[in-house]
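Engineer: The structure is given below, and queries will be raised subsequently.
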Amino acid sequence: MDEYLVIRNLVNEDKFEEAIKRAEEIKDEHKKSMTLCMIAEAMIYEGRKKEAILLLDEAFKIAKETKDGLWKSLSISKIAFTLAVAGKVSKALKIADNIELHLEKVYAMVRISHLLANRNKVEEANKVLKEAKEIIDEIRDDISKIVLIENIAYAFVKIGEIGKAWDLMERVKIMAEKLEEDEASMAYTLTIQFMIEIGKLNEALELIENMMNEYDKAWLISDVAYMKRDMDLLMRAFKIAKKMEDSYEKVSIMTKIASIMSELEKKKEADELIKESIKILEKLKDKIERAMAFAVISHAMFKNGNEGFMSMLNEAIKMAKELESIEKEHASSLIAHILIEVGRFEEAMNFINEMEEEIRTSVYISIAEDLIDEGRREEAMKIAEFMNDRLLRGRIRG
């Protein structure tokens, strides 16, 4: 078993001293600093802040010696954020100054701003974001810059600074006009998603017209259609999706449209899309695509009141168990999430529990974090309790 997981298990068993001893024996500097950081985070949640801060100081000394610039930046970013969790925000920001990669430095600052916002320290969060925004100009890679601008924009929304957020996303829109097709599509997608979230639906539709990628275009139009409760728009999304080559992507967008149709009480139309999705599924050869297609079709069937949804989901589960490594993790995360969505929480947990430990931990943490992002902390906590993960429990209580 991976040493990190062994030590995480010791933390979950309240064996901190043994966990620290094992962590200090790790040879790799990056792994050692990150593992010490994980232990320190758990200690903070257990009310042992002084000990945690000493451990973070040790982790920082180790991280500074790391020769690889990326690993060094990742370690220091994590240490800075964990110090902020402990309430040492000034110290956290000072340590963040040591992050060499601008990308990681901005990301650390945005995460710290979220933490401050959650603790109702809006002025402090605003100050951190202002500093983060100034670093953006030093980033040369357009895609990295766009992703970070979006992160900062959402952080500004969180503290009620909609105007500042909007100005940033207008900047992304201007950048997108000068990019190649794939990069422009990503930039437009991020901007449109932002517009939808803040309710600028007509503006979002105008910008969608600039997009060439059929999948992105159909997906975003369906998002706007859902917000507007507009069946005509939804049919437009379907017509775009229908032109796509048969693939899991096509199934995923068609089942999404079907689910929205169900919510709009268009059960017959939704059923037709589900049947069409099943026909596409029958043509798919790739195992992971088939497993994931079974899962999303099952979810659409559930939303449309079709009692056969569970047999489809069971087929997805069976196929996912035959996958390996990252493919198994990816498909299993989707399937477990859908099991929760259809009210089969215990089955979802049992499905995850049967996985190898490395995959199991990644899957349940990923699902819990998704639920937190969706504002469903109670369900995320149920996962933490079921898996007896005190570190995850602490993060959720936050």
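Each reported figure results from applying straightforward, stated rules to the coordinates on display, with no laboratory input. If you're wondering where the values come from, they're calculated on a predicted model, not measured in any experiment. Heads up, the Cβs are rebuilt from the backbone with ideal geometry, glycines too, and the neighbour counts pull from every protein chain shown.
Engineer: So for each of 28-39, 103-114 I average, over its residues, the number of other beta carbons within 10 Å; can you give me the resulting order with the highest mean first?
Structural biologist: Packing proxy ranking, top to bottom: 103-114, 28-39.
Engineer: What distance in nm lies between label points placed 7 Å from Cα along the C-beta direction at K21 and L5?
Structural biologist: Going from the K21 label point to the L5 one covers 2.3 nm.
Engineer: From the mean inverse distance of alpha carbon pairs (Kirkwood) and the Cα radius of gyration, derive Rg over Rh for the range 1-100.
Structural biologist: Reported Rg/Rh (Cα atoms, Kirkwood Rh): 0.95.
Engineer: For S247 and E346, calculate 0.36 nm times their separation in residues minus their Cα-Cα distance, and state this gained length in nm to one decimal.
Structural biologist: The span from S247 to E346 would gain 32.6 nm if fully extended.
Engineer: If the limit is 19 Å between Cα atoms, which of K64/K105; K239/K275; K130/K164; K200/K266 go over it?
Structural biologist: Pairs exceeding 19 Å: K200/K266.
Engineer: Listed highest first by mean packing, meaning other Cβ atoms within 10 Å per residue, what order do 320-326, 96-102, 221-227 come in?
Structural biologist: 221-227, 96-102, 320-326
Engineer: Toward the positive end of the charge dipole of the range 285-398, about the Cα centre and with charges on Cβ (Lys, Arg +1; Asp, Glu -1), which of N388, I372, N353 goes farthest?
Structural biologist: The listed residue farthest towards the positive side: I372.
Engineer: Would you mind checking the radius of gyration and Dmax of the chain based on alpha-carbon positions, in Å?
Structural biologist: Cα only, the chain: 22.7, 63 Å (Rg, Dmax).
Engineer: More than 22 angstrom separation, counting every C-alpha pair in the range 285-398; what % is that?
Structural biologist: 31
Engineer: Counting each pair of different Cα atoms once, what's the Kirkwood radius of the range 102-176 in Å, rounded to one decimal?
Structural biologist: Working: mean 1/r = 0.0830 Å⁻¹.
Hydrodynamic radius (Kirkwood, Cα only) of the range 102-176 equals 12.0 Å.
Engineer: A further question follows. Using the Kyte-Doolittle scale, find the helices of the chain whose mean hydropathy is at least 1.0 and whose Cα atoms extend 15 Å or more along the helix's long axis, counting only whole DSSP H runs.
Structural biologist: Answer set is 69-85.
Engineer: Taking 8 Å as the Cα distance limit and 6 or more residues as the minimum spacing, I'd like the relative contact order of the chain as a percentage. Walk me through the intermediate numbers first.
Structural biologist: Numbers: 507 pairs, mean separation 34.3, N = 398.
Across the chain, relative contact order equals 9 percent.
Engineer: Evaluate the distance, in nm, between pseudo-label points positioned 7 Å from the Cα of E209 and of K239 along their respective Cα→Cβ axes.
Structural biologist: So the two model labels end up 1.5 nm from each other.
Engineer: Got a sec? How would F294, F351 order by Cβ neighbour count within 10 Å, fewest to most? Walk me through the intermediate numbers first.
Structural biologist: Working: F294 26, F351 20.
Listing F294, F351 from fewest to most nearby Cβ atoms yields F351, F294.
Engineer: Take every Cα pair under 8 Å in the range 102-176 that's 6+ residues apart, average their separations, divide by the length, and report that relative contact order as a whole percent.
Structural biologist: 32
Engineer: Pulled fully out, how much extra length does the chain show between L264 and E324, if you take 0.36 nm times their separation in residues and subtract their Cα-Cα distance?
Structural biologist: Values: separation 60, 0.36 × 60 = 21.60 nm, distance 3.85 nm.
Once the chain is fully extended between L264 and E324, it gains 17.7 nm.
Engineer: With a point put 7 Å past each Cα toward its Cβ, work out how far N118 is from D373 in nm, to one decimal.
Structural biologist: 1.5
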